[in-house]
Amino acid sequence: MTSNYCKNLEALRSKAAHELKEVGDQWRTPDHLFWGINAMFGPLVLDLFADDSNAKCPTWYTAEDNALTQDWAESLAELGGGAYANPPYSRSQYHEKQAVTGMTHIINHALAMREKGGRYVFLIKAATGEAWWPEDADHVAFIRGRISFDLPYWYRPDVGQPTESSAGFGAVIAIFDKSWRGERFSYIQRTELEAKGRAFMALAHFAVGKPDALTTVLPVSEPAQVETELPLTQRAILETSGIETWACIVAAFGNKEEYTFSESKFAHTWAADSIDAPEFARVSPITIDRAKQLICENILVGVNAWLESLTFDDEETRADMSERIRTVALESSREHGMSHADFISIMESLEKDKWSNIRNIRAHFREKIEPKKEPLHESRIWPLEVGLIFNQLVDTENLSVPQHDIVKARINQLWLERKDAGEIIESAGGLILSMQPEVA
């Protein structure tokens, strides 16, 4: 017998027009985001909450199947991979006393399946204050930057309703896998995750095109749709995919205004793999060296434009000073990964009459750059749980920033070892006590 949840969902899909608020818990994971997650934590072969039109994996459970009644671990044992979930957030609904939805029920079922084996990868809201928040997840990767989801394929906007969503929220990737041996918390930029996704999609498309490809294992979009998802112009590649992908495509195929889809696919695959030692793209050592050189030389594009805008006493002086400045710019790019904007800013803080001596320029850059290495402790971001426990400790106000990090590192380690909060506080308090003579 079909549940009311499924009946209501089918009625919603069949409507001639929809309001945005009716989408409810039916938002789709963007392809780039899913494939980025797959690249990091896959292969993902089972979509736990999907329908026949939006499944991300070769095998999936629909609302009619009710994932909360399925043995995920048994399915994964047969399929040989991990499971993916972008779960519905609607309030708990039941059918004959069996839960159909509800995040608390979903997380509890995930924990039960974890004990039976397998990896379950959830994309969920970063809602640490919710009762369903998975405190017992084996790994939580916080995504830096807000993400938005795609509308369902069946959505037909009513008059005045938006055709796409621009809303976004913080999200995390939660891993349930008792064999996990890595850190408990991590962070990743949304743009980096999407770049991995674009490269992984290009690689999947390439594999499907091979004569011996197992097309049933790698579901991808139609070629025409995939092509629209890779930037093809040199400018778009640089702006969208970053300097490394730009360097790869220029090194491999020359300095062109626009590239073919195959060329862009190759460059994205290479850049996402490894610039120095790619495994999935065949690249000659000469081409690799050229790409690495381009990454360093990219700083000169902005620096040269800046030099052209300056006035000098004569052309000989311009040429002489420009050569020194370009030399230091390349050194700054190779050694510090400095952008042209940062380089120009530091150059402009040096009196122009000192530009004639390259030693003066180098000394000025050392003075500006080296002190910035010391306060790196301040930029260290610790997991939320570490901060909560640290705030319960006493006498922390007398500690230096490096000592703060020493204590937080101890808390993090004990948390990873799954010690209880009281034991962690006692151990961290003893560590602070031992530091007191240093700060007295």
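The values are calculated or read from the model by the stated rules, or taken from the named source; none is laboratory data. In this text, all values refer to a predicted model and were calculated from it rather than measured experimentally. Cβ coordinates were reconstructed from backbone atoms using ideal geometry, including for glycine residues, and neighbour counts include every protein chain displayed. These area figures cover heavy atoms from the full protein model, side chains too; ligands, DNA and RNA do not enter into them. Shrake-Rupley method; radii C 1.70, N 1.55, O 1.52, S 1.80 Å.
Residue-wise test of (1) β-branched (Val, Ile, Thr); (2) modelled with pLDDT of 70 or more; (3) farther than 28 Å from GLU135 by Cβ.
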{"position": "ARG366", "(1), (2), (3)": "no, yes, yes"}
{"position": "HIS404", "(1), (2), (3)": "no, yes, no"}
{"position": "VAL407", "(1), (2), (3)": "yes, yes, no"}
{"position": "ARG410", "(1), (2), (3)": "no, yes, no"}
{"position": "GLN413", "(1), (2), (3)": "no, yes, no"}
{"position": "ARG418", "(1), (2), (3)": "no, yes, no"}
{"position": "ILE424", "(1), (2), (3)": "yes, yes, no"}
{"position": "MET435", "(1), (2), (3)": "no, yes, yes"}
{"position": "GLU438", "(1), (2), (3)": "no, no, yes"}
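Hey, can you tell me all the residues within the range 275-322 that are part of a helix (DSSP H, G or I), surrounded by 13 or more Cβ atoms within 10 Å (Cβ to Cβ), among the β-branched types (Val, Ile, Thr) and modelled with pLDDT under 85?
Listed by number, the residues that qualify are THR287, ILE295, ILE299, VAL303.
Please specify each residue of the range 102-121 satisfying the condition of being surrounded by 19 or more Cβ atoms within 10 Å (Cβ to Cβ) and closer than 20 Å to TRP415 by Cβ.
Result: ILE107, ARG114.
Can you work out which of the residues in the range 35-61 that are among the hydrophobic types (A, V, I, L, M, F, W, C) and part of a strand (DSSP E or B) is most open to solvent (accessible area, probe 1.4 Å)?
TRP60
TYR94 passes all but one of (1) open to solvent by 50 Å² or more (accessible area, probe 1.4 Å); (2) under 24 Å from GLU183 (Cβ atoms); which number fails?
Only one criterion is unmet by TYR94, namely (2).
Test ALA171 against the stated conditions and say whether it is of a type in the set (Gly, Ala, Ser), under 23 Å from the mean Cα position of the chain (by Cα), surrounded by 14 or more Cβ atoms within 10 Å (Cβ to Cβ) and not in a loop (DSSP other than H, G, I, E, B).
For ALA171, the condition - of a type in the set (Gly, Ala, Ser), under 23 Å from the mean Cα position of the chain (by Cα), surrounded by 14 or more Cβ atoms within 10 Å (Cβ to Cβ) and not in a loop (DSSP other than H, G, I, E, B) - is met.
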